[in-house]
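Peer 1: Here you go, one structure.
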Amino acid sequence: MPRVPALRNRLKDTPVTGAKRVLLAAPRGYCAGVDRAVIAVEKALERFGAPVYVRKQIVHNIHVVSTLEKKGAIFVDDVEEVPTGSHIVFSAHGVSPAVVKGAADRQLDAIDATCPLVTKVHREAVRFAKQDFEILLIGHHGHEEVEGTMGHAPERTTLVNSPADVPNIVVQNPDHVVWLSQTTLSVDETMETVRLLRERFPNLQDPPSDDICYATTNRQVAIRKVAAEADLVIVVGSSNSSNTMRLVDVALEYGAKAAYRVDYASEIQQEWLDGVATVGVTSGASVPEVLVQEVLDDLADAGYGDVSQVVTAEEDLMFSLPKELRKDADGNADERGLGGRVRQLDWQKNR
Ligand code: SF4
């Protein structure tokens, strides 16, 4: 990703009580699924040439999307918009079988960049539906991941949008229900929803493993620790990114006096820094590290040049490329593992 031109020296270094510092949460930023999806589009452009079509935003970040657009990606809402015979990439959030069929009907060459951890939830939905379970899917109405997961078992799935939905859920057999979830929710709120569901359905079955993914969980754990000491938390990420928005919620819940989301450093307001000694900084799972660097640079201009990283976990999960891209045009295999770890822990090298 190119470095983003910032409006430097915009923020003033005003005096506060106590030493100014930044606590930088780690893990933050790119997860393995996002890394893989972005590289899939880049590689598809290299291999097939522009344009390559992408259904929905490949990941929920406006900088990533606009950068890929400049390279020749065209983002569409529906496969119907794509000319017959073109290449199309399915986003990290996953798609329903109906979308896969729609692409095949239009003779599109599909590259599936669905995060393997979302595919895992799809498989769970299919398996539980085959066993005649009713699936209570905890997730946000209208989110692409939720639409994709529901599309794998549409007859058997009920969406639970929030704890407030629980009293109104109707099932046919209260003894044969299972809960699944979107991968990017608040861990605490989801557990509260499950607790309420279990009060209503004591025989509620758990999924075989957590659906909230490692990256979402790790970023929330890290910001909890930072937030407890922060006067202000800045979360870098886009407003349609579920895991980014949850980081704002979690920061406020765990003690930050204020928390704001920004897409770019230029959105930081001078008044947010009034009286602030400690600034916490983190970023959502679809955010390239360059955007965090810009925030740190602007904060340094305002006197917050003392940056300590608060590390609560190290991530080494990696995924291989989508199968459609693992071989180059000459048939040579590309088996590299793709993960977000290196990009986020190497921050000091880039400064
Ligand atoms: S946030 Fe989790 S589920 Fe989503 S792309 Fe990243 S690793 Fe995959």
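The values are calculated or read from the model by the stated rules, or taken from the named source; none is laboratory data. Source: prediction; values computed, not measured. Keep in mind that these areas ignore ligands, DNA and RNA; they rest on the heavy atoms of the full protein, side chains included. Shrake-Rupley method; radii C 1.70, N 1.55, O 1.52, S 1.80 Å.
Peer 1: Within the chain, what whole-number % of the accessible surface is contributed by carbon and sulfur, with the 1.4 Å probe and all protein chains included in the calculation?
Peer 2: Summing carbon and sulfur atoms, their accessible area is 48 percent of the total for the chain.
Peer 1: Using 23 Å as the Cα-Cα cut-off, could you pick out the over-long pairs in LYS70/LYS120; LYS43/LYS70; LYS12/LYS70; LYS56/LYS101; LYS56/LYS323?
Peer 2: Among LYS70/LYS120; LYS43/LYS70; LYS12/LYS70; LYS56/LYS101; LYS56/LYS323, the Cα-Cα distance tops 23 Å for LYS70/LYS120; LYS12/LYS70.
Peer 1: Please list, in chain and number order, the residues 5+ apart from LYS327 or on another chain whose amide H is under 5 Å from its amide H, with Hs placed from the backbone.
Peer 2: ASP334
Peer 1: Quick check on the range 1-150: take the gyration tensor over C-alpha atoms, sort the square-rooted eigenvalues as a ≥ b ≥ c, and tell me if it's rounded (a/c under 1.5), prolate or oblate.
Peer 2: It comes out oblate by the Cα gyration axes.
Peer 1: Ordered by residue, what ³J(HN,Hα) values in Hz, to whole numbers, does the range 145-159 give under the Karplus form 6.51 cos²θ - 1.76 cosθ + 1.60, where θ = phi - 60° and Gly and Pro are x?
Peer 2: Taking θ as phi minus 60°, the curve returns 5, 5, 4, x, 5, 4, x, 7, 8, x, 6, 10, 10, 10, 7 Hz for the range 145-159.
Peer 1: Still on this structure: If amide hydrogens are placed 1.01 Å from N in the peptide plane, which non-local residues have theirs closer than 5 Å to the one on VAL89?
Peer 2: Those lying under 5 Å, H to H, from VAL89 are TYR53, VAL54, ARG55, ILE111.
Peer 1: When the Karplus curve 6.51 cos²θ - 1.76 cosθ + 1.60 is applied with θ = phi - 60°, which whole-Hz ³J(HN,Hα) does each residue of the range 230-244 get, with x for Gly and Pro?
Peer 2: 9, 7, 9, 10, 10, 10, 8, x, 8, 5, 8, 8, 4, 5, 5
Peer 1: Based on the Cα coordinates of the chain, what is the per residue volume of their convex hull in Å³?
Peer 2: Enclosed volume per residue, from the Cα hull, is 140 Å³.
Peer 1: Looking at the range 181-305, what % of the alpha carbon pairs are farther apart than 18 Å?
Peer 2: It works out to 54 percent of all Cα pairs.
Peer 1: Quick check on the range 81-238: take the gyration tensor over C-alpha atoms, sort the square-rooted eigenvalues as a ≥ b ≥ c, and tell me if it's rounded (a/c under 1.5), prolate or oblate.
Peer 2: Oblate.
Peer 1: If you don't mind, there's one more thing I want to ask. Each residue of the range 133-144 in order: what ³J(HN,Hα) in whole Hz does its phi give by Karplus 6.51 cos²θ - 1.76 cosθ + 1.60, θ = phi - 60°, with x for Gly and Pro?
Peer 2: With coefficients 6.51, -1.76 and 1.60, one gets 6, 8, 9, 9, 9, 7, x, 9, 3, x, 6, 4 Hz.
Peer 1: Could you work out the helix-only [θ] at 222 nm for the chain, with each DSSP H run of four or more residues adding -39,500 (n - 2.57) and the total divided by the number of residues, to the nearest 500 deg cm²/dmol?
Peer 2: -10000 deg cm²/dmol
Peer 1: Tell me which residues come under 5 Å, amide H to amide H, from VAL262 once H is placed; ignore anything under 5 positions away on its chain.
Peer 2: For VAL262, whose amide H was placed from the backbone, the distant partners under 5 Å are VAL235, VAL236, GLY237.
Peer 1: Using a Cα-Cα cut-off of under 18 Å, which lysines could be cross-linked to LYS257, ignoring same-chain neighbours fewer than 8 residues away?
Peer 2: LYS20, LYS225
Peer 1: Counting only heavy atoms of the protein chains, get the accessible area per residue of the chain (1.4 Å probe) and round it to a whole Å² value.
Peer 2: 42
Peer 1: Once a ≥ b ≥ c are taken as the square roots of the eigenvalues of the Cα gyration tensor of the range 253-338, is the result rounded (a/c under 1.5), prolate (a/b larger than b/c) or oblate (a/b not larger than b/c)?
Peer 2: Prolate is the answer for the range 253-338, as a/c is 1.5 or above and a/b outweighs b/c.
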